[in-house]
Amino acid sequence: MTWGTELWDQFENLDKHTQWGIDFLERYAKFVKERLEIEQTYAKQLRNLVKKYCPKRSKDDEPRFSSCMSFYSILNELNDYAGQREVVAEEMGHNVYGELMRYSQDLKSERKHHLQEGRKAQQYLDQCWKHMDNSKKKFERECKEAEKSQISYDRLDNDINATKSEVEKAKSQLYLRTHSADESKNEYAAQLQNFNGEQWKHFNVAIPQIFKNLQDMDERRTVKLGETYQSFAEVERRVVPIISKCLEGMVTAAKAVDQRKDSAIVVESFKSGFEPPGDFPFEDYSQNLSRTGSDNTISTPKNEGVVKPDPKHSISKVAKNKLWLFGKKPKAPSLEDFSHLPPEQRRKRLQARIDELSKELQKEVDQRDALNKMKDVYEKNPQMGDPQSLQPKISETMCNMEKLRSEIHKNESWLSEVEGKVSTRGDRRPSADVNHHTPHGRESPEGSYTDDPSQEHRSPPHQPDPRQAHQPDPRQAHQPDEFDDEFDNDDPLPVLGHCKALYSFDGQNEGTLLMKEDDVLYIIEEDKGDGWTRARKQSGEEGYVPTSYVEIAMEKNSKGAVTYI
């Protein structure tokens, strides 16, 4: 069924139909454009979401928990998923929307051409009809004029009064009119034959061919729409395998969450290496109380399993010393040897630094070897360069190597010290017998416990005073027997006096206070005979300083009278 035979008289309707077809194609193209814009916006929002929740810190600072790593893996998979949405948008724009718009322009041009041909054929047929109609009208007029001439001739020929000249004139006029009528008849017949021929060609050849071209164009448009519908779906189908892999990656990341591993990481990250505090001895304060025989209470036998209270080692002070890990940890400045950290954390940090320094040392060794090889080449081939020009760089590299080796050796000595202490603590076991008195352990500034009082006398760095030969030797200052409360009280201690630093003190040990020469500090606890005085800076930082390092002015009364020690 073709348009040329079935719709030979529907030129105007076919004109409207083909225009509607192109409009519908462009409407679908607009739909595809809006769809790809949605994909682009969706992909952009996904990427912004991933960027928002991706870690902004360095990898060393990021937690290593499996839940966090799985979440970051999911973010990576989601970022890849967003990339696939961008691929969908790009292919829709190129393979569907762009193709539709180009095809729409081609259809418009083709439709315009076919319609112009149809209008030209119709105009030519109208022109042929006009020529035929004019010849027909002329033939009709000529016949009427000939009939009039015939009537006039017959009237004069039958009139006895008419002269011969009048009759001859009427006869001559009749002949002319009859001849003109015959010529008009022939012309009309020729025009009619021509019109009929052109009309047959128009409705049987020209118009069917033009309508067939329009039909082919419209059918191609329909086929193109079907192809683009399929392309629209194929774009999605092509990314489905990759999207499935992204989703599988998310599922794999979810299955990788391991609660036991995360718990182990927590232990590894925060383990201090300290031993739990031992049992407190029983301190009997009722030794001096007299009891009567009528008392029903059970008295404690004298000198049997009783420990006399030692004011220097009271339970309150010991409890604070042993339980500071469960309260507020004393603040300490970061030190080069990480001595402000618990042993286990200090060991890890030192090991990490040694590994980093070893890598840097290997780089310097490789650079030195490369420079030596280049120097050998220059010596063998002087035209390539001056060997002496490399000597400064070689010397600099050797110097860097020595510095790195020194740093590695220093950190390894600190590491050996820490590993030795950790091993020693691991072999020690606290006593659980409350009735058996054992020598009460003391706590060093690092927070470790030792049974040997001599081990807690740690001398601060030697700071000689060049101005006074009789100045007390700072090395004679010992660490305090106990840091009574380890700075875990929320309320600050009252100020007892002031002191001025005679020497600088680096305060590298736990619980000590860094000070510089001529610094003025507040005294909040006097020296108890162990060579340490507790002080506070104006900034609020507290700690112990060697008593021999400072000049102390203690307040005696509210009026501000002071005495110098």
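The values are calculated or read from the model by the stated rules, or taken from the named source; none is laboratory data. Model, not experiment: these values are computed from the prediction. In this analysis, Cβ positions are derived from the backbone assuming ideal geometry, glycine residues included, and neighbour counts consider all displayed protein chains. Accessible surface areas use protein heavy atoms only, side chains included; no ligands, DNA or RNA. Shrake-Rupley method; radii C 1.70, N 1.55, O 1.52, S 1.80 Å.
Tabulated results
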quantity: Residue in region 30-52 that is nearest to Tyr103 (Cα to Cα), counting only those that are in contact with a helix residue (DSSP H, G or I) (Cβ under 6 Å, 6 or more places away or on another chain) and either open to solvent by 40 Å² or more (accessible area, probe 1.4 Å) or acidic (Asp, Glu) (or both); calculated: Lys33
quantity: Helices (runs of 4 or more DSSP H) enclosed by region 1-103 - at least 2 residues per element that are among the small types (Gly, Ala, Ser) and at pLDDT 90 or above; calculated: 11-53, 66-91
quantity: Considering residues of region 200-255 that are within 18 Å of Ala89 (Cα to Cα) and aromatic (Phe, Trp, Tyr) only, the residue nearest to the chain's Cα centre (by Cα); calculated: Phe232
quantity: Complete set of residues in region 408-424 that are modelled with pLDDT of 85 or more and surrounded by fewer than 17 Cβ atoms within 10 Å (Cβ to Cβ); calculated: His409, Lys410, Glu412, Ser413, Ser416
quantity: Flag if Glu407 is more than 37 Å from the chain's Cα centre (by Cα), free of Cβ contacts under 8 Å to residues at least 60 places away in the same chain and assigned to a helix (DSSP H, G or I); calculated: yes
quantity: Boolean, Ser180 is free of Cβ contacts under 8 Å to residues at least 24 places away in the same chain, within 30 Å of Arg155 (Cβ to Cβ) and not hydrophobic (A, V, I, L, M, F, W, C); calculated: no
quantity: Residue in region 205-221 that is hydrophobic (A, V, I, L, M, F, W, C), over 30 Å from Arg102 (Cα atoms) and open to solvent by less than 30 Å² (accessible area, probe 1.4 Å) present; calculated: no
quantity: Qualifying residue in region 301-317 (condition: modelled with pLDDT of 80 or more, open to solvent by less than 70 Å² (accessible area, probe 1.4 Å) and not in a helix (DSSP H, G or I)); calculated: no
quantity: Selection within region 158-180 - among the acidic types (Asp, Glu) and either touching a Ser or Thr at 6+ places or on another chain (Cβ under 9 Å) or assigned to a helix (DSSP H, G or I) (or both); calculated: Glu166, Glu168
quantity: Condition check for Asn509: in a loop (DSSP other than H, G, I, E, B), of a type in the set (S, T, N, Q) and at pLDDT 80 or above; calculated: yes
quantity: Options Ser149, Ser165; residue that is at pLDDT below 90, buried (at least 18 other Cβ atoms within 10 Å of the Cβ) and either polar (S, T, N, Q) or at positive phi (or both); calculated: Ser149
quantity: Some residue of region 19-28 being of a type in the set (Asp, Glu) and open to solvent by less than 70 Å² (accessible area, probe 1.4 Å); calculated: yes
quantity: Residue, farthest from Phe71 (Cα to Cα), within region 243-287, restricted to residues that are of a type in the set (Ser, Thr, Tyr) and surrounded by 13 or more Cβ atoms within 10 Å (Cβ to Cβ); calculated: Ser272
quantity: Selection status of Thr5, open to solvent by less than 50 Å² (accessible area, probe 1.4 Å), in contact (Cβ under 8 Å) with a residue 40 or more places away in the chain and polar (S, T, N, Q); calculated: no
quantity: Val377, sole failed condition from (1) open to solvent by 80 Å² or more (accessible area, probe 1.4 Å); (2) more than 40 Å from the chain's Cα centre (by Cα); calculated: (1)
quantity: Some residue of region 262-281 being part of a helix (DSSP H, G or I), under 49 Å from the mean Cα position of the chain (by Cα) and closer than 25 Å to Trp20 by Cα; calculated: no
quantity: Residue in region 323-337 that is modelled with pLDDT under 90, charged (D, E, K, R), open to solvent by less than 30 Å² (accessible area, probe 1.4 Å) and outside any loop (DSSP other than H, G, I, E, B) present; calculated: no
